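Asks: Let me give you the structure first, and then I'll get to my questions.
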Amino acid sequence: MQETVSGTQMLLGLGIGIFVLVFLILKTKVHAFLALIIAAALTGIIGGMPSPAVIKSITTGFGNTLGSIGIVIGFGVMMGQILEVTGAAKRLALSFLKIFGKGREEGAMAATGYVTSIPIFCDSGFVILSPIARALSRASGKSVIAIGVALAFGLVATHHAVPPTPGPLGVAGIFKVDVGQMIMWGLLLALPLTVANLFYARWIGKRIYQVPAPTGDGWVRVKDEAEARQVLGLDTQGAAATNSHALDDAGLPSAFQAFAPIALPLVLIFANTYISAIKLQGPVADIFLFLGSPIIAVALGLLLAIYLVGDKMSRKDIIKVMEDGIKSAGIILLVTGGGGALGQVLRDSKTGDYIAQLISQTPIPAVLLPFFVATFVRLVQGSGTVAMITSASITAPILATSGVNPVLAAQAATLGAMVFSYFNDSYFWVVNRMLGIEDVKDQVRVWSVPTTIGWGLALVLLTVLSFIVPASS
């Protein structure tokens, strides 16, 4: 009886906490950061946690979240500001346009994200690559929302499904699945999800048509591409002059100078992930493990940007540029940490574990059991990696003798955790804030809807595959 009452109390705390969070953000003057902390406190206290434990969870969640990606965000925005001011970001945009062709900016960024997030966390990848999306928008007149959403989902698709990203790699180990098969199935399943959201990115980009301000500070909301091109000065003398000055590469850094600060951290982080996955040891491995940690790798990328791209700027000017960049990171850091605090309270209160146990006792098709357990845990506590691992830990023993293909079961755990990213997910805030989206309704359309589209399509694909793929592969 006590367990039932405890479970009911946890669910009540969760329900009230989420209701208060949404109400404060939608209907009051309270900032999202403060709303997240209030919601975290209410969820924990009403859910039965002692007040000292609630405070500890809030501070631990805030600190752990910023400890993992906070420094990376800081270095990333400083590097991005340098790329913007020096024209390196424009060179990146022109290079991508040349490779993929005009009119295919969204596809280019989706493909970039799809490949990039195989070895690294999507948060770090978006911070590193978002200046390219901004520059492509400025150079082409296309909505940065279309380009940014395509990039963000390309990153999150393989982040969820493909080792050696830690989440799917851990799930593969729990289900005792061959990592090579996990990679193959992850790539196959992530591809149609990315393509589906490429179409959505183009659709939502037309309804939230936003471009970087011509001054380089902030964003401008317009009604269509024609107005965007006019605002950005891409149509100064009619069709004959279209893109004339926007695509002028005179005086820009070289392609090598522009790409090196971004490519170096990505290569180093990939090396770190690969070495960790194969458990390589020795002094050389230790060097690459150190250099490939996200903090060190992005710091080295920033150093390259300072001395390779900003070589013609004075010390005073380059420092001012970096300080201007870090100003924009302040609110991103606070809100991201607030989301981590709420997620930590939900984890420490055991609400996610309680709901997962309830789901595991329902008579749903076996292959969908890890999918829905991951879905509910993700909705409750925000972390996709935690949702994957929790789901795999609960359902792997249940499915061991069920006849379900273990690779599909493992992928179900990873893709079920993709559902409706919202306020307690740090990536929700990273994507929306770095794309300049402040209205809550727009934030949901920009990022919660794409992840739900991916989740829904994954559900259909896994269900169909469960009737086609044999129990062992």
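Asks: When the residues of region 140-179 are narrowed to those that are of a type in the set (Ser, Thr, Tyr) and within 28 Å of residue 224 (Cβ to Cβ), which ends up modelled with the highest pLDDT?
Replies: Looking at residues that are of a type in the set (Ser, Thr, Tyr) and within 28 Å of residue 224 (Cβ to Cβ), I get 143.
Asks: Another one. Considering only residues of region 160-176 that are open to solvent by 20 Å² or more (accessible area, probe 1.4 Å) and assigned to a loop (DSSP other than H, G, I, E, B), which is nearest to residue 116 (Cα to Cα)?
Replies: Out of the qualifying residues, it is 164.
Asks: Still on this model: Looking for something open to solvent by less than 10 Å² (accessible area, probe 1.4 Å) and either under 22 Å from residue 448 (Cα atoms) or at pLDDT below 90 (or both) - is there at least one such residue anywhere in region 90-98?
Replies: Yes, there is a match, as at least one residue in region 90-98 is open to solvent by less than 10 Å² (accessible area, probe 1.4 Å) and either under 22 Å from residue 448 (Cα atoms) or at pLDDT below 90 (or both).
Asks: Can you name every residue in region 1-52 that is among the aromatic types (Phe, Trp, Tyr) and farther than 17 Å from residue 343 by Cα?
Replies: 23
Asks: Starting from residues that are within 26 Å of residue 71 (Cβ to Cβ) and outside any helix (DSSP H, G or I), keep the ones in region 105-159 and report whichever is nearest to the chain's Cα centre (by Cα).
Replies: Per the criteria, the residue is 121.
Asks: Condition first: assigned to a loop (DSSP other than H, G, I, E, B) and either of a type in the set (Ser, Thr, Tyr) or buried (at least 20 other Cβ atoms within 10 Å of the Cβ) (or both). Can you find one or more residues in region 44-65 that meet it?
Replies: Scanning region 44-65, I find at least one residue that is assigned to a loop (DSSP other than H, G, I, E, B) and either of a type in the set (Ser, Thr, Tyr) or buried (at least 20 other Cβ atoms within 10 Å of the Cβ) (or both), so the answer is yes.
Asks: What number of residues within region 343-354 satisfy the criterion of being modelled with pLDDT under 80 and buried (at least 23 other Cβ atoms within 10 Å of the Cβ)?
Replies: 4
Asks: Which condition from (1) touching a residue at least 12 places away in the same chain (Cβ under 8 Å); (2) assigned to a helix (DSSP H, G or I); (3) open to solvent by 20 Å² or more (accessible area, probe 1.4 Å); (4) not polar (S, T, N, Q) is the one that residue 102 breaks?
Replies: (2)
Asks: Would you check if residue 416 is surrounded by 24 or more Cβ atoms within 10 Å (Cβ to Cβ) and modelled with pLDDT of 95 or more?
Replies: Taking the combined requirement at face value, the residue satisfies it.
Asks: Something else: Could you tell me which of the residues 427, 422 is touching a Cys at 6+ places or on another chain (Cβ under 7 Å), within 30 Å of residue 145 (Cβ to Cβ) and modelled with pLDDT of 80 or more?
Replies: 427
Asks: Suppose we filter 174, 147, 128 for residues that are under 20 Å from residue 197 (Cα atoms) and of a type outside the set (Lys, Arg); which single one remains?
Replies: On inspection, the qualifying residue turns out to be 147.
Asks: Any chance you could count how many residues in region 307-329 are in a helix (DSSP H, G or I) and open to solvent by less than 30 Å² (accessible area, probe 1.4 Å)?
Replies: Residues flagged as in a helix (DSSP H, G or I) and open to solvent by less than 30 Å² (accessible area, probe 1.4 Å) within region 307-329 amount to 6.
Asks: Would you check if there is a residue in region 364-381 being out of contact with any helix residue (DSSP H, G or I) (no Cβ under 7 Å at 6 or more places or on another chain), open to solvent by 30 Å² or more (accessible area, probe 1.4 Å), under 21 Å from residue 454 (Cβ atoms) and part of a helix (DSSP H, G or I)?
Replies: Among the residues of region 364-381, at least one is out of contact with any helix residue (DSSP H, G or I) (no Cβ under 7 Å at 6 or more places or on another chain), open to solvent by 30 Å² or more (accessible area, probe 1.4 Å), under 21 Å from residue 454 (Cβ atoms) and part of a helix (DSSP H, G or I), which makes the answer yes.
Asks: What's the number of the condition residue 385 fails, among (1) touching a residue at least 24 places away in the same chain (Cβ under 8 Å); (2) open to solvent by 20 Å² or more (accessible area, probe 1.4 Å); (3) farther than 21 Å from residue 32 by Cα; (4) more than 17 Å from the chain's Cα centre (by Cα)?
Replies: In the conditions (1) touching a residue at least 24 places away in the same chain (Cβ under 8 Å); (2) open to solvent by 20 Å² or more (accessible area, probe 1.4 Å); (3) farther than 21 Å from residue 32 by Cα; (4) more than 17 Å from the chain's Cα centre (by Cα), residue 385 misses (4) alone.
The values are calculated or read from the model by the stated rules, or taken from the named source; none is laboratory data. As the structure is a prediction and not an experimental result, all values here were calculated from the model. Because the Cβ atoms are built from the backbone with ideal geometry, glycine has one as well, and the counts that use them run over all protein chains shown. To get the accessible areas, we keep the full protein, side chains included, count just its heavy atoms, and leave off ligands, DNA and RNA. Shrake-Rupley method; radii C 1.70, N 1.55, O 1.52, S 1.80 Å.
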